[in-house]
Amino acid sequence: MADTLLQQDRSQTRAEPELVRFTAPDGLSLAARVWHPASHGNGAVPLVCLAGLSRNWRDFSDIAAFLASQGRKVVAFDYRGRGDSAHDPDWHNYAIPIEGHDIDAGLVALQLDRFAVLGTSRGGLHAMAMAHRYGRHRMSAVVLNDVGPRIELKAILRIAATLGKGMRHGSYEDLAIRLRSQSQDQFPVLDTDGWTRLARQMARPDAGGVVLDYDPALALTLAALDDATPWPDQWPLFEALTDRPVLALRGSRSDLLSQETLTQMTSRHPQMQTMIIDGEGHAPLLWDKPSQTRIAEFLAEFADF
């Protein structure tokens, strides 16, 4: 089974986006994936994609391919310890400030002088922090995928309960069964093929079958959380985005971004648009044409000025 998976992985390499490696400020090897546009010269601003806590570039394969087909370059960074980036021997470095320095290094390495950002979950927190480092002339627009300045602690505790556990499985199908048992309430419309598709995004082949594509030491960053853990006030981070257009997506079943928080975000941001993705929780998968089309239209109208 493992040999078959590895063979399939190699056979798909030609269809994958370009792998680009660069170096973090502290010397760690990091990686990004680049989808090159089907056409050039249309002035489209590149889109930088930033994933969730334990996720990787494959989460953006569908939306990136769609946007590239329309002439937009798309770059997805893998944080340290995730995807194609090296694991850090010190798990304390799996922190947003250090990851922020890594993102900045990647922007320089890929010569992205002007860009928009699509941030899913943790990636959206990075996008808010980046607004303090990059003015609108650099970071022209932002898409927040199911994240805001207030995060519901119950969702973080749910994620923490499974993070770093059950890393290895005999096949993608085996992993899909586990994912379904954990997250059926978040994605009730996914069928067996859908769960297997999600498993392929989250894991990669290894000698024993498949393994979730992140350093299990990442779990240590959430190990001290409990019901009484105070969450920091992140509204000042969000307010730095009010000088540029924002599209906020929310899964209708999300337990991380509440409708109340989304409403408050809209009241505080004069240029914010919203989209609710029915039947999906945290975080919307961006596989569907309506969300892909909405993101493409938003970027064409507001990012490419």
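The values are calculated or read from the model by the stated rules, or taken from the named source; none is laboratory data. Every value quoted in this text rests on a predicted model; they were computed, and no experiment measured them. Note that we place each Cβ from the backbone using ideal geometry, even for glycine, and neighbour counts take in every protein chain shown.
Scan Arg180, Arg138 and give me the residue that is in contact with a helix residue (DSSP H, G or I) (Cβ under 7 Å, 6 or more places away or on another chain) and either surrounded by fewer than 17 Cβ atoms within 10 Å (Cβ to Cβ) or farther than 21 Å from Gly81 by Cα (or both). Can you show your working first?
Numbers: Arg138 fails: in contact with a helix residue (DSSP H, G or I) (Cβ under 7 Å, 6 or more places away or on another chain).
Among Arg180, Arg138, only Arg180 is in contact with a helix residue (DSSP H, G or I) (Cβ under 7 Å, 6 or more places away or on another chain) and either surrounded by fewer than 17 Cβ atoms within 10 Å (Cβ to Cβ) or farther than 21 Å from Gly81 by Cα (or both).
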- Would you mention how many residues in region 250-305 are part of a loop (DSSP other than H, G, I, E, B), farther than 29 Å from Leu179 by Cβ and modelled with pLDDT of 95 or more? 1
- Task: Could you list all residues from region 36-68 that are surrounded by fewer than 24 Cβ atoms within 10 Å (Cβ to Cβ) and not in a loop (DSSP other than H, G, I, E, B)?
- Result: Arg58, Ser61, Asp62, Ala65, Phe66, Ala68
- Task: Would you mind listing the helices (runs of 4 or more DSSP H) fully within region 96-181 where at least 2 residues are over 16 Å from the mean Cα position of the chain (by Cα)?
- Result: 96-109, 153-162
- Task: Considering every residue within region 69-85, establish whether at least one is more than 20 Å from Gly43 (Cα to Cα), touching a residue at least 12 places away in the same chain (Cβ under 8 Å), part of a helix (DSSP H, G or I) and not charged (D, E, K, R).
- Result: no
- Message: What are the pairs with Cβ atoms under 6 angstrom where one residue, in region 109-122, is touching a residue at least 12 places away in the same chain (Cβ under 8 Å) and closer than 15 Å to Val34 by Cβ and the other, located anywhere, is of a type in the set (Phe, Trp, Tyr) and surrounded by fewer than 24 Cβ atoms within 10 Å (Cβ to Cβ)? Sequence gap at least six, or different chains.
- Response: Ala109/Phe22
- Note on the structure: (1) of a type outside the set (Phe, Trp, Tyr); (2) outside any loop (DSSP other than H, G, I, E, B); (3) modelled with pLDDT of 95 or more all hold for Pro236 apart from (3)
- Query: Does Pro205 satisfy being free of Cβ contacts under 8 Å to residues at least 12 places away in the same chain and either out of contact with any strand residue (DSSP E or B) (no Cβ under 6 Å at 6 or more places or on another chain) or crowded, with 17+ Cβ neighbours inside 10 Å (or both)?
  - Reply: no
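For Tyr172, are the conditions met, namely being of a type in the set (Phe, Trp, Tyr) and either at pLDDT below 95 or under 23 Å from Ala240 (Cβ atoms) (or both)?
No: the conditions fail for Tyr172.
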- Message: Of everything in region 182-207, what is part of a helix (DSSP H, G or I), within 23 Å of Leu256 (Cα to Cα) and among the charged types (D, E, K, R)? Give them in sequence order.
- Response: Arg197
- Do we find a residue being in contact with a Ser or Thr (Cβ under 9 Å, 6 or more places away or on another chain) and in contact (Cβ under 8 Å) with a residue 12 or more places away in the chain anywhere in region 231-243? no
- Message: Of all residues being in contact with a Gly (Cβ under 7 Å, 6 or more places away or on another chain) and on the phi < 0 side of the Ramachandran plot in region 102-124, which is surrounded by the most Cβ atoms within 10 Å (Cβ to Cβ)? Just the residue, please.
- Response: Gly123
- Just give me the residues in region 175-208 being over 22 Å from Ser61 (Cα atoms) and small (Gly, Ala, Ser), in sequence order. Ser181, Ala207, Gly208
- Query: Checking Arg136 against (1) free of Cβ contacts under 8 Å to residues at least 24 places away in the same chain; (2) of a type in the set (D, E, K, R); (3) under 18 Å from Met272 (Cα atoms), which single condition isn't satisfied?
  - Reply: (1)
